1. Give segment 295-316 a look and list any residue that's part of a helix (DSSP H, G or I) and in contact (Cβ under 8 Å) with a residue 60 or more places away in the chain, or say none.
2. Here are 147, 157: which of them is touching a helix residue (DSSP H, G or I) at 6+ places or on another chain (Cβ under 8 Å), closer than 16 Å to residue 232 by Cα, assigned by TED's automatic domain parsing to the domain that holds residue 244 and among the charged types (D, E, K, R)?
3. Is one or more of the residues making up segment 187-200 in contact (Cβ under 8 Å) with a residue 40 or more places away in the chain, under 24 Å from residue 9 (Cα atoms) and in a strand (DSSP E or B)?
4. I need the full set of residues from segment 1-37 which are assigned to a helix (DSSP H, G or I) and more than 30 Å from residue 295 (Cβ to Cβ), in order please.
5. Output the residues belonging to segment 364-380 that are in contact with an Asp or Glu (Cβ under 6 Å, 6 or more places away or on another chain) and farther than 13 Å from residue 432 by Cα.
6. Hydrophobic (A, V, I, L, M, F, W, C), closer than 30 Å to residue 55 by Cα and assigned to a helix (DSSP H, G or I), is that true of residue 355?
7. For the structure I just gave you, tell me whether residue 433 is more than 22 Å from residue 10 (Cα to Cα), touching a Phe, Trp or Tyr at 6+ places or on another chain (Cβ under 8 Å) and crowded, with 24+ Cβ neighbours inside 10 Å.
8. Within segment 466-476, is even one residue at pLDDT 95 or above, more than 25 Å from residue 217 (Cα to Cα), outside any loop (DSSP other than H, G, I, E, B) and aromatic (Phe, Trp, Tyr)?
Amino acid sequence: MSNRDITTALEFHELTKHSYTSVRTSTHRLDLHNRPYPFKVYLEAKRVELPREFPKPSLPTLEALAGKNLREKRGELDIAGLAEILYFSAGITRVLRNPLGEFYFRAAPATGALYPIELYIVSGDIPGLRAGVYHFDPGEFILNTLREGDYRDYLSRAAGEEQAVRDAPATVVMTSIAWRNAWKYQVRSYRHWFWDSGVIAANMLAVSVSEMIGARVIMGFVDEMVNKLLCVGGSVEEAAIALIPLAASAGEKAPKKRRRVSQEEHKTMPLSRYIINYPAIWQMHKVSSLTSVEEVKEWRGQRVEQVEDNYEGETYKLEGWDDVSSPPLWETILKRGSTRRFAQKPISEKHLATILGYSTRGLDADFLNSGASLIDVYLIASSVDGIPAGAYYYDRKNSTLLLLKRGAFRRIAGYLCLEQKLGEDASVVFFLMTRLNQVLRRLGNRGYRACQFEAGVVAGRMYLAAYALGLGATGLTFYDDEITEFLSPHAREKSNMLTVAVGFPAYKARSGEILLGVVKHERRMEYPQIGRG
């Protein structure tokens with residue numbers, strides 16, 4: 001079955017929809033004593049200590065989201081800069097201790113705080129780090145050495161001879177460990193692979209801008225080649241999702257050496273006492289995989305153009321959002337958390353305009369033409385000064401809101417967010433939607449990965465923009481078809497990918513802090529005691 005046969009993607013999307021009935025008929029119960037360990041622990045790999053002193057991304061948050069710094073000279077990348085990017089993308093910022101044990105929260109959010117995404121580095125020689133393939137452990141703040149030597153040319157070939165990968169001193173590769181999220185979310189957790197990697201990417205792209213390092217998203221690659229390089233090729237538990245090459249100032253180019261990559265395995269600590277495999281996840285991943293360099297090149301040639309929505313009706317022009325001051329990016333990342341309770345307090349029109357303006361500035365990705373996006377933003381505004389309560393579509397090109405329905409829809413917003421009070425109490429709820437059938441026809445099954453991932457990036461930017469403004473934000477699950485129905489006829493051909501609620505928190509949250517090496521893994525072949533994650 002090929003990437004072009006999109007039947008499986010359409011069936012998978014239908015299978016994993018939430019509805020009023022499906023939620024009430026589910027028999028799934030969490031086995032808290034089998035909660036997956038939130039860190040991948042190598043038992044014998046050679047360790048590389050990351051520096052504990054590294055720069056902080058000091059560019060104002062909104063400027064980092066805008067990408068303004070990249071017009072200047074590119075910065076350099078050394079091991080301290082790499083540590084900075086890794087930490088502020090996926091490092092530990094908070095530790096919660098309760099009767100169940102210790103829980104470690106990170107720089108970017110993750111659904112259910114389960115953290116299924118792992119980061120790997122494929123690098124050439126950079127100051128402080130020899131060329132190799134490494135795994136990042138945020139708990140002990142180390143790199144695990146998986147292969148020694150320069151594999152950038154191999155990774156570039158796997159990415160369809162992608163020059164950005166060959167020229168970058170280092171590329172970050174994101175993977176997902178399926179069971180970590182499926183433990184709670186079952187088959188639907190495949191969607192979460194891309195939401196959770198997308199919000200990490202939002203941080204990583206912003207930090208890279210702050211340090212004048214170019215970064216772009218590569219989702220076209222030969223899956224088997226990349227998995228093999230990362231030593232997860234024989235796994236039915238973990239798979240590569242995306243590549244992010246870090247383009248720094250001129251350094252040593254990757255040698256054009258046709259390296260052979262042998263199948264290798266590294267012993268790792270078990271995630272939990274037992275693992276449940278969900279075949280539908282791996283079937284969906286298989287049919288969205290690319291199998292040859294030629295197929296990757298062909299797929300990349302199908303990148304998406306922007307489709308404009310035609311509309312008539314009452315509109316509200318959003319202005320003044322591009323001159324708002326904001327704190328340094330590192331402060332915003334440490335401040336960020338997932339808000340657990342909103343006050344029913346209005347945000348300002350400028351708050352709304354700023355969040356929308358900076359979260360939809362576009363994504364440099366191999367599946368998009370310049371200025372294009374797979375994501376359309378809709379919203380229910382319940383409490384925004386200057387904007388009548390109602391449902392809206394956001395025209396990002398013209399920074400304009402189109403009124404779809406006027407009215408007080410707090411209770412409906414809560415219902416659409418799987419009947420969660422967070423959706424009801426938020427000042428505004430954003431619905432990140434896509435023309436799924438059209439995307440699949442263009443990009444095949446892999447388009448399902450792409451639109452979910454881009455939704456994650458937009459959501460991650462919404463988090464950063466909201467916290468830069470002193471607000472709170474949280475991602476929420478949702479009733480799929482009910483959202484489309486409520487926002488129709490304008491959204492009748494679209495599917496919701498992700499939902500984000502924003503407003504003032506109903507409590508004063510403490511900022512996080514830079515926590516390095518706060519986890520000491522037991523390193524054994526038995527599953528570690530519950531409560532350590």
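1. Passing the criteria: 295, 296, 297, 299, 300.
2. 147
3. Looking through segment 187-200, none of the residues is in contact (Cβ under 8 Å) with a residue 40 or more places away in the chain, under 24 Å from residue 9 (Cα atoms) and in a strand (DSSP E or B).
4. 20, 21, 22, 23, 24, 25, 32, 33, 34
5. 369, 372
6. yes
7. Here the answer is no, as residue 433 does not meet what is asked.
8. Scanning segment 466-476 turns up no residue that is at pLDDT 95 or above, more than 25 Å from residue 217 (Cα to Cα), outside any loop (DSSP other than H, G, I, E, B) and aromatic (Phe, Trp, Tyr).
The values are calculated or read from the model by the stated rules, or taken from the named source; none is laboratory data. Small disclaimer: the values here were computed from a predicted structure and weren't measured. Positions of Cβ are generated from backbone atoms using ideal geometry, with glycine treated the same way; all protein chains shown enter the neighbour counts.
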